[in-house]
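Structure, as C-alpha coordinates:
The values are calculated or read from the model by the stated rules, or taken from the named source; none is laboratory data. No experiment lies behind these values; they were computed from the predicted model shown. Here the Cβ positions follow ideal geometry from the backbone for every residue, glycine too, while neighbour counts run over all protein chains shown.
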Amino acid sequence: MNKIVVLDGYPANPGDLSWNELKKLGDVTIYETTEKNDIISHIADAAYIFTNKVPIKRETVDACPNLKFIGVLATGYNIIDTEAAKERGIAVANIPSYGTQAVAQYVFALLLEVCHHVGYHSEQVFKRRGADNTQWCFWDYPLTELAGKTMGIIGFGKIGRATAKLAQAFGMNVAAYSRSRTSEGEKIAPYVELDELYQKADVISLHVPLQPETREMINRAAITKMKDGVIIINTARGPIVNEADMTEALNSGKIFYYATDVTSKEPVPDDNPLLKAKNCIITPHIAWASKESRERLLAAACYNLKQFLAGNPVNIVNP
(Lines give C-alpha, C1' and ligand atoms only; values in the text may rest on other atoms or scores of the structure.)
Protein backbone atom coordinates (compact mmCIF):
# COMPACT_ATOMS: atom_id res chain seq x y z
CA MET A 1 0.00 0.00 0.00
CA ASN A 2 1.13 3.55 -0.74
CA LYS A 3 2.81 5.04 2.35
CA ILE A 4 1.78 8.67 2.74
CA VAL A 5 3.02 11.05 5.43
CA VAL A 6 1.74 14.52 6.30
CA LEU A 7 4.54 16.26 8.17
CA ASP A 8 2.58 19.18 9.61
CA GLY A 9 -1.13 18.73 9.21
CA TYR A 10 -2.22 21.14 11.94
CA PRO A 11 -2.03 24.44 10.00
CA ALA A 12 -4.28 23.17 7.20
CA ASN A 13 -6.50 21.05 9.41
CA PRO A 14 -6.46 21.78 13.14
CA GLY A 15 -9.36 19.40 13.56
CA ASP A 16 -12.31 21.00 11.81
CA LEU A 17 -11.82 19.19 8.48
CA SER A 18 -11.42 15.57 7.38
CA TRP A 19 -8.46 13.64 5.99
CA ASN A 20 -10.72 10.83 4.72
CA GLU A 21 -10.17 11.52 1.02
CA LEU A 22 -6.41 11.31 1.47
CA LYS A 23 -6.76 8.09 3.45
CA LYS A 24 -8.46 6.50 0.46
CA LEU A 25 -5.18 6.79 -1.44
CA GLY A 26 -2.94 4.80 0.90
CA ASP A 27 -1.60 4.19 4.38
CA VAL A 28 -1.58 7.69 5.87
CA THR A 29 0.36 8.96 8.88
CA ILE A 30 -0.45 12.51 9.96
CA TYR A 31 1.78 14.51 12.28
CA GLU A 32 0.41 17.75 13.66
CA THR A 33 3.91 19.17 13.44
CA THR A 34 7.43 17.90 12.83
CA GLU A 35 10.55 19.32 14.42
CA LYS A 36 13.72 19.72 12.38
CA ASN A 37 15.47 16.74 13.96
CA ASP A 38 12.50 14.46 13.26
CA ILE A 39 11.94 15.17 9.57
CA ILE A 40 13.96 12.28 8.19
CA SER A 41 12.71 9.74 10.74
CA HIS A 42 9.10 10.69 10.03
CA ILE A 43 9.40 10.14 6.28
CA ALA A 44 12.34 7.71 5.98
CA ASP A 45 10.32 4.97 4.23
CA ALA A 46 7.52 7.10 2.78
CA ALA A 47 6.91 7.38 -0.96
CA TYR A 48 4.51 10.32 -0.85
CA ILE A 49 4.68 13.23 1.58
CA PHE A 50 2.94 16.52 2.24
CA THR A 51 4.35 19.56 3.99
CA ASN A 52 3.03 22.99 4.78
CA LYS A 53 5.95 24.72 6.50
CA VAL A 54 8.42 21.92 7.24
CA PRO A 55 11.42 22.40 4.91
CA ILE A 56 12.59 19.57 2.67
CA LYS A 57 16.27 20.14 1.96
CA ARG A 58 18.79 18.21 -0.08
CA GLU A 59 19.98 16.15 2.88
CA THR A 60 16.40 15.05 3.51
CA VAL A 61 15.88 14.10 -0.12
CA ASP A 62 19.13 12.12 -0.13
CA ALA A 63 18.20 10.29 3.07
CA CYS A 64 14.78 9.10 1.84
CA PRO A 65 15.29 6.61 -1.00
CA ASN A 66 11.61 5.71 -1.40
CA LEU A 67 10.45 9.26 -1.95
CA LYS A 68 8.54 9.85 -5.20
CA PHE A 69 6.26 12.81 -4.54
CA ILE A 70 6.34 15.93 -2.37
CA GLY A 71 3.05 17.78 -2.06
CA VAL A 72 3.17 21.33 -0.72
CA LEU A 73 0.08 22.30 1.27
CA ALA A 74 0.43 25.86 -0.02
CA THR A 75 1.09 27.83 -3.19
CA GLY A 76 4.64 28.91 -2.36
CA TYR A 77 7.25 26.15 -2.48
CA ASN A 78 10.47 27.92 -1.50
CA ILE A 79 10.78 25.55 1.50
CA ILE A 80 11.53 22.69 -0.91
CA ASP A 81 14.88 22.09 -2.60
CA THR A 82 13.18 21.52 -5.94
CA GLU A 83 16.47 21.03 -7.76
CA ALA A 84 17.56 18.23 -5.43
CA ALA A 85 14.15 16.63 -5.86
CA LYS A 86 14.37 16.93 -9.64
CA GLU A 87 17.79 15.26 -9.69
CA ARG A 88 16.25 12.31 -7.89
CA GLY A 89 13.17 12.23 -10.14
CA ILE A 90 10.90 13.32 -7.29
CA ALA A 91 7.89 15.39 -8.33
CA VAL A 92 7.03 18.49 -6.31
CA ALA A 93 3.43 19.70 -6.59
CA ASN A 94 1.96 22.89 -5.17
CA ILE A 95 -1.61 24.15 -4.84
CA PRO A 96 -2.29 27.32 -6.81
CA SER A 97 -5.28 29.59 -6.34
CA TYR A 98 -6.96 27.93 -3.36
CA GLY A 99 -6.84 31.08 -1.20
CA THR A 100 -7.50 33.87 -3.69
CA GLN A 101 -10.72 35.16 -2.17
CA ALA A 102 -9.58 34.59 1.43
CA VAL A 103 -6.41 36.64 0.97
CA ALA A 104 -8.12 39.43 -0.95
CA GLN A 105 -10.73 39.65 1.81
CA TYR A 106 -8.01 39.73 4.44
CA VAL A 107 -6.35 42.70 2.74
CA PHE A 108 -9.49 44.63 3.57
CA ALA A 109 -9.73 43.21 7.07
CA LEU A 110 -6.32 44.80 7.69
CA LEU A 111 -7.13 47.98 5.81
CA LEU A 112 -10.47 48.54 7.54
CA GLU A 113 -8.82 48.01 10.90
CA VAL A 114 -6.39 50.79 10.01
CA CYS A 115 -9.26 53.00 8.87
CA HIS A 116 -11.59 52.49 11.85
CA HIS A 117 -9.94 50.50 14.69
CA VAL A 118 -13.25 48.75 15.29
CA GLY A 119 -11.84 46.27 17.81
CA TYR A 120 -10.24 48.99 19.90
CA HIS A 121 -13.33 51.18 20.00
CA SER A 122 -15.55 48.24 20.89
CA GLU A 123 -13.17 47.41 23.73
CA GLN A 124 -13.51 50.97 25.06
CA VAL A 125 -17.29 50.62 25.18
CA PHE A 126 -17.03 47.34 27.08
CA LYS A 127 -14.68 49.10 29.49
CA ARG A 128 -17.60 51.54 30.00
CA ARG A 129 -15.65 54.50 28.78
CA GLY A 130 -18.05 57.34 28.04
CA ALA A 131 -20.99 55.60 29.75
CA ASP A 132 -21.66 58.63 31.96
CA ASN A 133 -20.54 61.24 29.44
CA THR A 134 -22.90 63.34 27.34
CA GLN A 135 -20.24 63.19 24.63
CA TRP A 136 -21.18 59.59 23.87
CA CYS A 137 -19.54 59.74 20.46
CA PHE A 138 -15.75 59.48 20.68
CA TRP A 139 -12.80 58.14 18.76
CA ASP A 140 -9.09 57.93 19.49
CA TYR A 141 -7.78 57.39 15.96
CA PRO A 142 -8.39 59.20 12.69
CA LEU A 143 -11.36 57.65 10.85
CA THR A 144 -10.66 57.26 7.16
CA GLU A 145 -12.87 56.81 4.11
CA LEU A 146 -11.56 54.72 1.23
CA ALA A 147 -13.81 56.05 -1.54
CA GLY A 148 -11.91 58.26 -3.95
CA LYS A 149 -8.49 57.14 -2.75
CA THR A 150 -6.06 55.18 -4.92
CA MET A 151 -4.90 51.66 -4.17
CA GLY A 152 -1.66 50.68 -5.83
CA ILE A 153 -1.39 46.92 -6.25
CA ILE A 154 2.10 45.51 -6.75
CA GLY A 155 1.74 42.07 -8.32
CA PHE A 156 -1.38 41.60 -10.42
CA GLY A 157 -1.95 37.88 -10.47
CA LYS A 158 -5.17 36.25 -9.28
CA ILE A 159 -4.99 37.62 -5.74
CA GLY A 160 -3.98 41.09 -6.89
CA ARG A 161 -6.86 41.18 -9.37
CA ALA A 162 -9.35 39.95 -6.75
CA THR A 163 -8.10 42.66 -4.40
CA ALA A 164 -8.56 45.27 -7.13
CA LYS A 165 -12.21 44.31 -7.59
CA LEU A 166 -12.86 44.71 -3.87
CA ALA A 167 -11.09 48.08 -3.88
CA GLN A 168 -13.28 49.25 -6.74
CA ALA A 169 -16.37 48.10 -4.83
CA PHE A 170 -15.28 50.49 -2.06
CA GLY A 171 -15.10 53.31 -4.60
CA MET A 172 -11.32 53.31 -4.81
CA ASN A 173 -9.24 53.96 -7.90
CA VAL A 174 -6.76 51.19 -8.71
CA ALA A 175 -3.32 51.34 -10.29
CA ALA A 176 -1.53 48.05 -10.95
CA TYR A 177 2.11 47.15 -11.41
CA SER A 178 3.31 43.81 -12.73
CA ARG A 179 6.32 42.63 -14.68
CA SER A 180 3.93 40.71 -16.92
CA ARG A 181 0.81 42.45 -18.18
CA THR A 182 -2.27 40.47 -19.18
CA SER A 183 -5.43 41.32 -21.07
CA GLU A 184 -7.42 40.07 -18.07
CA GLY A 185 -5.59 42.54 -15.85
CA GLU A 186 -6.07 45.40 -18.29
CA LYS A 187 -9.84 44.88 -18.12
CA ILE A 188 -9.75 45.48 -14.37
CA ALA A 189 -7.31 48.35 -13.85
CA PRO A 190 -4.63 50.34 -15.67
CA TYR A 191 -1.05 49.19 -15.44
CA VAL A 192 1.52 51.80 -14.44
CA GLU A 193 5.24 51.86 -13.85
CA LEU A 194 6.36 51.26 -10.28
CA ASP A 195 7.54 54.82 -9.64
CA GLU A 196 4.19 56.17 -10.84
CA LEU A 197 2.38 53.79 -8.51
CA TYR A 198 4.47 54.99 -5.59
CA GLN A 199 3.60 58.60 -6.43
CA LYS A 200 -0.15 58.02 -6.82
CA ALA A 201 -1.09 55.43 -4.22
CA ASP A 202 -2.75 56.27 -0.92
CA VAL A 203 -2.73 52.56 -0.12
CA ILE A 204 -0.24 49.99 -1.44
CA SER A 205 -1.07 46.28 -1.34
CA LEU A 206 1.73 43.78 -1.95
CA HIS A 207 1.08 40.60 -3.95
CA VAL A 208 4.41 39.58 -5.47
CA PRO A 209 6.17 36.24 -4.86
CA LEU A 210 9.45 36.18 -2.98
CA GLN A 211 12.22 36.11 -5.57
CA PRO A 212 15.69 37.65 -5.68
CA GLU A 213 14.36 40.71 -7.48
CA THR A 214 11.49 41.25 -5.02
CA ARG A 215 13.45 40.67 -1.80
CA GLU A 216 13.37 43.93 0.20
CA MET A 217 11.92 45.82 -2.77
CA ILE A 218 10.09 48.00 -0.23
CA ASN A 219 13.13 49.75 1.20
CA ARG A 220 14.24 53.27 2.08
CA ALA A 221 14.72 54.24 -1.57
CA ALA A 222 11.27 53.01 -2.56
CA ILE A 223 9.60 54.57 0.48
CA THR A 224 11.12 57.96 -0.38
CA LYS A 225 9.17 57.90 -3.65
CA MET A 226 5.84 57.24 -1.93
CA LYS A 227 3.22 59.73 -0.80
CA ASP A 228 3.54 60.99 2.74
CA GLY A 229 1.08 59.12 4.91
CA VAL A 230 0.72 56.07 2.68
CA ILE A 231 -0.76 52.85 4.09
CA ILE A 232 1.01 49.61 3.15
CA ILE A 233 -0.66 46.19 3.37
CA ASN A 234 1.40 43.01 3.07
CA THR A 235 -0.26 39.61 2.64
CA ALA A 236 2.49 38.30 0.35
CA ARG A 237 5.85 37.53 1.97
CA GLY A 238 7.69 39.23 4.81
CA PRO A 239 11.12 39.56 3.16
CA ILE A 240 9.63 41.72 0.40
CA VAL A 241 9.90 44.52 2.95
CA ASN A 242 13.08 45.80 4.59
CA GLU A 243 11.69 45.86 8.11
CA ALA A 244 14.32 48.21 9.52
CA ASP A 245 13.57 50.78 6.81
CA MET A 246 9.83 50.27 7.35
CA THR A 247 10.22 50.87 11.08
CA GLU A 248 12.16 54.07 10.42
CA ALA A 249 9.45 55.31 8.05
CA LEU A 250 6.65 54.47 10.50
CA ASN A 251 8.35 56.19 13.40
CA SER A 252 9.03 59.29 11.32
CA GLY A 253 5.43 59.42 10.04
CA LYS A 254 6.42 59.04 6.38
CA ILE A 255 4.27 55.88 6.31
CA PHE A 256 0.99 56.22 8.19
CA TYR A 257 0.44 52.51 8.80
CA TYR A 258 1.96 49.15 7.94
CA ALA A 259 -0.44 46.23 8.31
CA THR A 260 1.13 42.87 7.62
CA ASP A 261 0.24 39.22 7.92
CA VAL A 262 3.82 38.13 7.23
CA THR A 263 7.29 38.93 8.56
CA SER A 264 10.83 38.20 7.42
CA LYS A 265 11.17 35.47 10.05
CA GLU A 266 8.21 33.54 11.39
CA PRO A 267 7.23 33.32 14.16
CA VAL A 268 8.23 36.91 14.85
CA PRO A 269 11.49 36.99 16.84
CA ASP A 270 11.97 39.36 19.76
CA ASP A 271 14.49 41.46 17.81
CA ASN A 272 12.18 42.26 14.89
CA PRO A 273 12.26 46.08 14.69
CA LEU A 274 8.57 46.22 13.75
CA LEU A 275 7.70 45.27 17.33
CA LYS A 276 8.87 48.75 18.34
CA ALA A 277 7.32 50.61 15.43
CA LYS A 278 4.47 53.08 15.63
CA ASN A 279 1.25 52.33 13.76
CA CYS A 280 2.03 48.73 12.89
CA ILE A 281 -0.34 45.75 12.81
CA ILE A 282 1.13 42.24 12.62
CA THR A 283 -1.02 39.12 12.38
CA PRO A 284 0.32 35.54 12.46
CA HIS A 285 0.17 34.50 8.77
CA ILE A 286 -3.55 33.70 8.67
CA ALA A 287 -4.79 35.46 5.52
CA TRP A 288 -5.01 32.11 3.73
CA ALA A 289 -6.64 30.19 6.56
CA SER A 290 -10.42 30.55 6.23
CA LYS A 291 -12.22 27.23 6.60
CA GLU A 292 -13.44 27.43 3.02
CA SER A 293 -9.92 28.07 1.78
CA ARG A 294 -8.52 25.13 3.73
CA GLU A 295 -11.26 22.85 2.40
CA ARG A 296 -10.15 23.74 -1.13
CA LEU A 297 -6.53 23.20 -0.09
CA LEU A 298 -7.10 19.64 1.15
CA ALA A 299 -9.23 18.77 -1.85
CA ALA A 300 -6.52 20.04 -4.20
CA ALA A 301 -3.79 18.18 -2.29
CA CYS A 302 -5.69 14.91 -2.67
CA TYR A 303 -6.30 15.64 -6.34
CA ASN A 304 -2.59 16.31 -6.95
CA LEU A 305 -1.59 12.96 -5.46
CA LYS A 306 -4.46 11.07 -7.10
CA GLN A 307 -3.45 12.41 -10.51
CA PHE A 308 0.19 11.58 -9.86
CA LEU A 309 -0.66 8.00 -8.93
CA ALA A 310 -2.75 7.76 -12.10
CA GLY A 311 0.21 8.80 -14.23
CA ASN A 312 -1.21 12.22 -15.04
CA PRO A 313 0.73 14.60 -12.76
CA VAL A 314 -0.61 18.13 -12.31
CA ASN A 315 0.69 21.32 -10.65
CA ILE A 316 4.27 20.07 -10.83
CA VAL A 317 6.72 22.89 -10.14
CA ASN A 318 9.93 20.99 -11.04
CA PRO A 319 9.13 19.24 -14.32
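Here are some notes:
- For region 173-195, the tally of residues that are among the polar types (S, T, N, Q) and within 22 Å of PRO239 (Cα to Cα) stands at 2.
- In region 110-155, residue farthest from TYR191 (Cα to Cα) [restricted to those that are exposed (fewer than 10 other Cβ atoms within 10 Å of the Cβ) and among the small types (Gly, Ala, Ser)]: ALA131
- Hey, ALA104 surrounded by 20 or more Cβ atoms within 10 Å (Cβ to Cβ), at pLDDT below 95 and farther than 17 Å from LEU309 by Cβ or not: no
- Condition broken by SER252, with the remaining ones in (1) over 28 Å from THR75 (Cβ atoms); (2) small (Gly, Ala, Ser); (3) in contact (Cβ under 8 Å) with a residue 24 or more places away in the chain satisfied: (3)
- Taking region 162-177 as the range and being polar (S, T, N, Q) and under 13 Å from PRO190 (Cα atoms) as the test, the residues that pass are GLN168, ASN173.
- Test for GLN168: is it surrounded by 14 or more Cβ atoms within 10 Å (Cβ to Cβ), in the same structural domain as TYR258 (by TED's automatic domain parsing) and at pLDDT below 95: no
- Where a residue in region 196-212 is under 16 Å from ILE232 (Cα atoms) and its partner, wherever it lies, is part of a helix (DSSP H, G or I), with Cβ under 6 Å and at least six apart: SER205/VAL107; SER205/THR163; LEU206/ILE240; HIS207/ILE159; HIS207/GLY160
- THR134 being within 28 Å of the chain's Cα centre (by Cα) and without any contact (Cβ under 8 Å) to a residue 60 or more places away in the chain: no
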